[in-house]
Structures are given as C-alpha cells and as structure tokens.
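S.K.: Questions regarding the structure given below will be posed in turn.
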Amino acid sequence: MELDFSRSLHYWWALLPEIVLCLWGMGVLIAGVSKRYRLAGEDATGDPTLSGSADLGWLALFGVFSAAFANGWLYGVREVGSAGMIAVDPFRLFANWVLLLGAALTILISFAYVHRQRLQAGEFYGLILLATAGMMFMVAGRDLIVIFLGLEVMSVAVYALTAFNRRDRRSAEAGLKYFLLGAFATGFLLYGIALVYGATGSTNVATIGAVVTGGTATPGLLSIGIALITIGFGFKVAAVPFHMWTPDVYEGAPAPVTAFMSAAVKAAAFVAFMRVFVVAFEGAVDVWYPIVWWLAALTMVAANLMALVQSNVKRMLAYSSIAHAGYLLVAMTAANETAAAGLLFYLLVYTLMNTGAFAVVISVAHQSEERLQVEDYAGFGWAQPMLGVALTILLLSLAGFPGTGGFMGKIFLLQGAADAELWVLSVILVLSTVASYWYYLRIAWFMWMKNPSSERQHAHVVAPLPLQFALIACVALILYTGIFPGTALEFARASVQGLGTLGDTGGGFAP
C-alpha cells in the first residue's frame, strides 16, 4: 500500500508548534532529573534566580519562545480545504498566542515559588509545557476525537500540577477533587461525542455541520449529544452549575498553577467550545441556544454573589474566574463575528490581568500559601508602592473600569450581544459587573485605606526580577489595550473571519 508522504508532511507542518513544545517539555523533564540540576535546586542560595530550578525555568521559557516562533511561521502556510483534522486558520493561531502568553507568564511568576517550596522544577516546568501543548492540540482540532485527545493531554498534566506540592495536604486534596470530577465530566463529553457520531456518521466538525444543516442528522441522538458535550465543556470553563470544583481546587493548588488554570485552561476550553458549536452545530442553534443562554445568566449572577462574601483572596479570584466565564458565555450565546472577536480579545486581556493579579498574590504570600486573607493586604500599597499600584490597576481591569483592557473587553462582548439582540443577557452582564466592583475594590481599599497590624507586616515581601518583568508587562499591555484597543481587536476580527463557513471535503496544508 502506498503512503502519501507529501500529505503526511503537510500535517507535520500544521502541528509544528505542538511538536516543538512537546520536545521541549520532554527535554526539561530529562534535564530535571540530571544530577546537576537536582543538586542545584536543593542548594539554598537565598536568591531563587541563582538556583538550578531557575535554570530549568529559563529553559522552559525558551521552549515557549520556540513554539511561538513556529506559530508565527504557520502564518505562511496555506491551508487546502477546511475539513482536515487539524486547522491552520487564524482562529487557531490567535488562540495559540494567548496560550503561549499564559504559559510564559506562569513560568516567569513561578521561579521563586518553585525554589522556596522545594518543588521538582524539571517536572513542574515540563508539565506546564505539556499541558500547553495539549491546549494547543485542543484549539487546533477540527475533529471531535482530536479535541478530546488534546483535552485529556491538558487535563492529565493539570491534575498533576494541582497536586504537585506533596508536602501540602490542601494541594493533594485539590488534585484528587479535580481528577475525580474531571474524569466524571470527561465521561459526559465522550458520551456526547459518541451520540453525535451516531446521529451524523462523523466526528469531523465540518462534516457534522454539513449533515446537521442539511437536516439528515438523527434529531434525538443529536440533541442529547449536544447537551452532553455542553456539560463537558461547561465543566472545563467552570460554568454554573458545573463550577463546584473550582473554589477548592483553585485554593488548594500551588498559586502559579491556579493562575495557569484560571487563564490558559479557560482560554483553550472556550476556543474549542466556540469552534465546535459555531461550525459543527451551526444548524442546531435551537437546541443549544437556550442551554448556553441559561448557563451564561446563572454563571454571571451566582458567581458574583458568591464572590462578594469571600475573605480568602484565592477563593475570591476563583469565583471571579467563574464570573468571567459567564461573560464569555454571552459571546458563545451571541455566536456572531463581533462576539467571537470579542471573545478572543477578552481571553487575551483576561490572561494578562488574572496572571498579573496572581503574581502580586504570590509576592504577598511570601512565595508560599500564607497570608491569603483580604486583611493581610492592609497597608500593602504604602509599604510596596509598585506592587500596590500594579495590583490596583489589575483589579480595576478585572472589574471593567474605563481605561483598562477589561473594560474594552466587556464593551466588545456587549456589542456582540447587541448584534444578536441579547438584551436581557446584556443587562445581566452590566449589573453583575457593577456588583463585582465591591469585592475587587475591597482589596484596593485594604491596600490604601487600612492600617497594617504591624509596621513590619509587609517588610519581607519580595518580587524577584522575572516576576517583576511579568507584572510590568501585564500592566503595560492592560493599559495599552484599554486606551488603544484597535490593533488587538482588528487582529481578533481578522482571526474569526470564515470560522463558521464550510469548505470542501478535502483537507491539507501547503507551505
């Protein structure tokens, strides 16, 4: 039997960023078990940036930059057809930038944390790279099986990262909860994929879309399959009522992992969610529209109400993450080009502002899991002005204050909702955003208006140089996208054009 090596090579080109990231991930794992790095990581030098763990962090960061270079190279690859298993379209490439940005920022803010907690740096950074590769497989998939495999690669790595600090019982508990509930949700997703296959005879999203639009799919199987797939994605994006795992897992996981989960994992899930429902189920809007509508409304209202009463900062940011999932579900419900572009833009700014906020949380907590109560931030702004100002800007952006990227992101989501005439969801989004000002500005109030319990309460707060660089980059980009959002928005608009259109039945790639 003859093999089409030319066609196979085209698919290798299409997966180049993922291949690069997997190779670097395995390289970091191998380097981490070498005697040199293992001993260097155990040497308490007092400066985390001089330890062997930081060397592995820089190695992992270089792997992210290599994958980013490969992702940029893919813009010069011409895709033939639109029904292949792997997409090389602007939608996937924009999502890759967001995921790689989230991975790079997570690595930068975790240098001192990994050193102080004496975590195995090779495994930690290697799992971040492999989890990112799984996310990129997920957003690249034009086949439900590829999306599922990418989701599982991501999930297994993130399960391990959640329980990574074996000396912390809360981390082990969080990992176990995440694994059990994640496996349960995976069953829903896989059963939904099976039913959709039974209804349409294919797992390719373009083919499914053609069958559904043509009216030849089995209605009963298709409706149940869509509902089960919605539950699976609802768990991954932490939508109410599938959010129960989120507060406990986010609180128990190591803080850099929490930042990674709340930003990058959510972004990958939403991009895959959007591709599947806009392309595969475009002809079954009447089935999934009411489900996603209610998920968006419940998530925005319930998450913001629960966040109001939180005193633990990590739990508060967990409920905040759920609320932002509700805002993004509004774009899913609208399912038009404006809303899709707004979703990409919002994922970008959310990755920046949430990871930046966790960078300050890690610093206040002394690179550990201490001092996580809101009261611990009393007087922090005056004791550490740079960190205090940065956190204030990031909190204002999370709340949607004008002049920040978070505000513009919500504006673009509202524009997409208005185009779809989702007036009730638009009102809920605005009112829930106003309610969120309470718990975001409460931290700012403690930082600037509340006296610390002791003069030396914040004396030992240290922000290493990599963390400072990540924080400055996050704040600068948040302000830039808030004042000059045009460039990023036009990039997002160009990335979603043609997402829901069906092409021929062929598929391939050409340089």
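S.K.: P(r) for the chain, please, calculated from all Cα pair distances in 20 Å bins and given in %.
M.R.: Calculated P(r), rounded to whole percents: 24, 58, 17, 1.
S.K.: How many percent of all Cα-Cα pairs in region 259-322 sit more than 13 Å apart?
M.R.: Numbers: 1420 of 2016 pairs.
That fraction is 70 percent.
S.K.: While we're here: Test of understanding: ordering Met26, Met449, Met274 by Cβ neighbours within 10 Å, fewest first, what list do you get?
M.R.: Fewest-to-most ranking of Met26, Met449, Met274: Met449, Met26, Met274.
S.K.: Before anything else, pin down the relative contact order of the chain: Cα pairs under 8 Å, at least 6 apart, normalised by residue count, whole percent.
M.R.: 19 percent
S.K.: Roughly speaking, what is the stretch gain from Ile145 to Glu370, that is 0.36 nm per residue apart minus the C-alpha to C-alpha distance, in nm to one decimal?
M.R.: Result for the pair: 76.9 nm of gain on full extension.
S.K.: While we're looking at this one, here's another question. Hey, can you grab everything whose amide H is under 5 Å from the amide H of Asp143? Only 5+ residues off in sequence or another chain; H modelled, so Pro and N-termini drop out.
M.R.: Close amide H contacts, sequence-distant or interchain: Val205.
S.K.: How much mean residue ellipticity at 222 nm does the chain get from its helices, if each DSSP H run of length 4 or more adds -39500 (n - 2.57) and you divide by all residues, to the nearest 500 deg cm²/dmol?
M.R.: -24000 deg cm²/dmol
S.K.: Suppose every Lys and Arg Cβ carries +1 and every Asp and Glu Cβ carries -1, with no other charges. What dipole size does region 229-332 come out with about its Cα centre, to the nearest 20 debye?
M.R.: Magnitude of the dipole: close to 200 debye.
S.K.: Based on other C-beta atoms within 10 Å, arrange Thr404, Thr218, Thr487 from fewest to most.
M.R.: The most exposed by this proxy come first: Thr487, Thr218, Thr404.
S.K.: What do you get for the angle between helix 169-200 and the principal long axis of the chain? Use alpha-carbon atoms, 0 to 90 degrees, nearest ten.
M.R.: 10 degrees
S.K.: Using 1/(1 + (r/R0)^6) with R0 = 35 angstrom and r between the beta carbons of Arg170 and Ile19, what's the FRET efficiency to the nearest 0.05?
M.R.: Details: r = 36 Å, r/R0 = 1.02.
So, using R0 = 35 Å, E works out to roughly 0.45.
S.K.: Output the 0 to 90 degree angle, nearest 10, between the alpha-carbon long axis of helix 423-449 and the longest principal axis computed from the alpha carbons of the chain.
M.R.: Its long axis makes an angle of about 20 degrees.
S.K.: Something else: Extension gain Thr218-Trp382, at 0.36 nm per residue separation less the Cα-Cα distance, in nm? Write down the numbers at each step before the final one.
M.R.: Working: separation 164, 0.36 × 164 = 59.04 nm, distance 6.41 nm.
Here the segment from Thr218 to Trp382 would lengthen by 52.6 nm.
S.K.: Under the rule of at least 5 residues apart or a separate chain, name every residue whose amide H is placed under 5 Å from the amide H of Gln373.
M.R.: So Gln373 has HN proximity to Val313.
S.K.: Can you give the convex hull volume of the alpha carbon atoms of region 212-360 per residue, in Å³?
M.R.: Working: hull volume 13.9 nm³, N = 149.
Convex hull volume per residue, Cα atoms: 93 Å³.
S.K.: Run the quick spin-label model on Met449 and Ala194: label points 7 Å from Cα toward the beta carbon, then report their separation in nm to one decimal.
M.R.: 5.6 nm
S.K.: Over the Cα atoms of region 381-445, compute the convex hull volume and normalise it per residue, giving Å³.
M.R.: Spelled out: Cα convex hull of region 381-445, divided by residues, is 61 Å³.
S.K.: So for the pair Ile30, Val77, with labels modelled 7 Å out along Cα→Cβ, what separation do we get in nm?
M.R.: For the pair Ile30/Val77, the computed spacing is 2.3 nm.
S.K.: Still on this structure, I have one more. When we measure straight from the Cα of Lys314, which lysines land under 24 angstrom away, once same-chain ones fewer than 8 places off are left out?
M.R.: List returned: Lys177, Lys236, Lys266, Lys410, Lys450.
S.K.: Write down the Kirkwood hydrodynamic radius of region 109-156, to one decimal in angstroms, obtained as one divided by the mean of 1/r over all alpha carbon pairs.
M.R.: Numbers: mean 1/r = 0.0860 Å⁻¹.
This gives a value of 11.6 Å.
S.K.: In Å and on Cα atoms, what radius of gyration and Dmax does region 398-493 show?
M.R.: 17.6, 54
S.K.: I would also like to ask the following. Expressed as an acute angle from 0 to 90° and rounded to the nearest 10, what is the orientation of the C-alpha long axis of helix 144-162 relative to the principal long axis of the chain?
M.R.: Approximately 10 degrees, to the nearest ten.
S.K.: Further question on the same structure: So, R0 is 45 Å and r is the distance between the beta-carbons of Ile483 and Ser66; what FRET efficiency does that work out to, to 0.05?
M.R.: Calculated transfer efficiency: 0.90.
S.K.: Quote the FRET efficiency, to the nearest 0.05, computed for Ile472 versus Tyr437 with a Förster distance R0 of 25 Å and r equal to the Cβ-Cβ distance.
M.R.: 0.50
S.K.: Let me ask something else about it. Hey, fewest Cβ within 10 Å first, where do Thr207, Thr132 land in order? Could the numbers behind the result be given before it?
M.R.: Details: Thr207 18, Thr132 35.
By the 10 Å Cβ count, ascending: Thr207, Thr132.
S.K.: Pulled fully out, how much extra length does the chain show between Val389 and Trp423, if you take 0.36 nm times their separation in residues and subtract their Cα-Cα distance?
M.R.: Length difference between fully extended and current span is 8.7 nm.
S.K.: Assign unit charges at the C-beta atoms only (+1 for Lys and Arg, -1 for Asp and Glu), then state the dipole size of the chain relative to its Cα centre in Debye, rounded to the nearest 20.
M.R.: Dipole about the Cα centre, nearest 20: 880 debye.
S.K.: Please compute, for the alpha-carbon atoms of region 324-474, the extent along each of the three principal axes and give them in descending order in Å.
M.R.: Here the Cα extents, ordered largest to smallest, are 54, 29, 26 Å.
Every read-out reported here was derived from the displayed coordinates using simple, explicitly stated rules and does not represent laboratory data. Since this is a predicted model, take the numbers as computed values, not measurements. Every residue, glycine among them, receives a Cβ derived from its backbone with ideal geometry; neighbour counts consider all protein chains shown.
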